[in-house]
Amino acid sequence: MYSIVIPVYNSDQTLVELTERISSLFDKLDQKFEIVFVEDRGNDNSWGVIKLLKEKYTDNIQAVRLNRNYGQHNALLCGFTYAKGDIIITIDDDLQNPPEEIEKLIERYKETNSDIIYGIYTKKQHNFARNALSSGVKKTSQVLMKRSGNGSSFRLVKKCIVKKIIDHNISFIFIDEVMQWYTDSIDFVTVEHHKRKYNSSGYSAFKLLSLGANLAYHYTNIPLKIMVYGGMVISFLTFLLGLKFVIQKIYYDVPLGYTSMIVTILFSTSIIVFSLGVIGGYLSRIQTVQNKKPPYFVDEVLE
């Protein structure tokens, strides 16, 4: 059986069409399926629509409502815990990924038997700013964490990988990074990507930048390396600057003066404050883990 896990956020206008098209596809493929909706506490009537869909597709829908907004990846983690299928497929709720393209993921899986199949877009139908920021986050994962930067939210995953992901009970999780801790058996297939019919993306510029920062903090030691190597470079430059003032004093009898002192003090102080900020960021995340802050909390379930 296939489980289609769908994080839902402010998508009451697309859920009916999305469900109907998924149902039609699996009827055509003559395969058993279930849809696991995870309503991530949006501001519209998505939960009401999901309840109506549950009445119509009683045996094919599970639905979970979180008690507040936790974000896409945490919602996916919740959905994984309820998925019963041997193969899990994740797809967004906005119809930018046509549900019919699921067949391409399944066909590639049958060909390669890979643990993960990503649907890769020939051209992403977002605005320029969203594409640029999204690309930046993926490049961060690709370069700094030495992972594939070609992932997407449209993916097929084996149950054995999902079971391992569920064990990561931390407040911030990035599904693609964690999955690639457990397997290199990853394949890709080109799929279509359409423009949004309704509303706008839930990923604002601020959320994408915050996601990139959290990735760097939670899954790399890059900020600490910046402190170490940056501190070495700045110490060397400060040493040269101090040497310059000493030479000037010895050979030219130039007074050190207020300006040189204040520049040196402010420069070194700013580096210290920046370094303390980075350390504080790590400490706050360690505290969050130690306090066992949950990645999500379920408010209501429809089974």
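The values are calculated or read from the model by the stated rules, or taken from the named source; none is laboratory data. All values reported here derive from a predicted model rather than from experimental measurement. Using ideal geometry, Cβ is built from the backbone for each residue, glycine included, and neighbour counts are taken over all protein chains shown. Surface accessibility is based on the protein's heavy atoms, side chains included, excluding ligands, DNA and RNA. Shrake-Rupley method; radii C 1.70, N 1.55, O 1.52, S 1.80 Å.
Other residues lying with their Cβ under 12 Å from the Cβ of Asp12 contribute a combined charge of -4, Lys and Arg counting +1, Asp and Glu -1. The slack between Asp299 and Ile286, meaning 0.36 nm per residue of separation minus the straight C-alpha distance, is 2.0 nm. Mind checking the stretch 1-45 for trypsin sites (Lys or Arg not before Pro) that DSSP puts in a loop (not H, G, I, E or B) and that have at most 13 other Cβ atoms within 10 Å? Taking the stretch 1-45 and a limit of 13 other Cβ atoms within 10 Å, the loop trypsin sites (Lys or Arg not before Pro) found are Lys32. On a per residue basis, the stretch 30-127 carries 41 Å² of accessible surface, using protein heavy atoms and a 1.4 Å probe. A cut-off of 5 Å between modelled amide H atoms, ignoring neighbours fewer than 5 places along the same chain, links Asp12 with Asn45, Ser46.
Convex hull volume of the C-alpha atoms in the stretch 1-111, normalised per residue: 94 Å³. For Lys28 and Thr58, a Förster radius of 25 Å and the Cβ-Cβ distance give a FRET efficiency of 0.75, rounded to the nearest 0.05. A crude spin-label estimate for the pair Glu103 and Ile222, with each label 7 Å from Cα along the Cβ direction, gives 4.0 nm. Counting only protein heavy atoms and a probe of 1.4 Å, the accessible surface of the stretch 1-77 is 42% carbon and sulfur.
Ranked highest first by the average count of other Cβ atoms within 10 Å around their residues, in what order do 110-117, 175-182, 71-78 fall? Please report the intermediate quantities before stating the final value.
Details: 110-117: 16.2, 175-182: 18.0, 71-78: 23.0.
The peptides rank, most packed first, as 71-78, 175-182, 110-117.
Which entries of Lys51/Lys110; Lys164/Lys197; Lys28/Lys84; Lys159/Lys225; Lys54/Lys197; Lys158/Lys225 show an alpha-carbon separation above 32 angstrom in the structure shown?
Checking Cα-Cα distances, Lys51/Lys110; Lys164/Lys197; Lys159/Lys225; Lys158/Lys225 exceed 32 Å.
Using the Cβ-Cβ distance between Lys84 and Leu276 with R0 = 45 Å, the FRET efficiency computed as 1/(1 + (r/R0)^6) comes to roughly 0.40. Model label sites at Thr183 and Lys51, defined 7 Å from Cα along the beta-carbon direction, differ in position by 3.7 nm.
Residues of the stretch 60-91 with backbone nitrogen within less than 20 Å of a virtual label 7 Å along the Cα-to-Cβ line of Lys110, please, listed as ranges. Only 85-90 pass the distance filter.
Shown is the FRET efficiency for Lys164 and Ile234, computed with R0 = 45 Å from the Cβ-Cβ distance and rounded to the nearest 0.05: 0.60.
Close amide H contacts of Tyr121 (hydrogens built in the peptide plane, cut-off under 5 Å, sequence separation of 5 or more or a different chain): Val191. A simple rule links phi to the HN-Hα coupling: the Karplus curve 6.51 cos²θ - 1.76 cosθ + 1.60 with θ = phi - 60°, which for the stretch 154-160 gives 9, 8, 10, 9, 6, 4, 4 Hz, with x for Gly and Pro.
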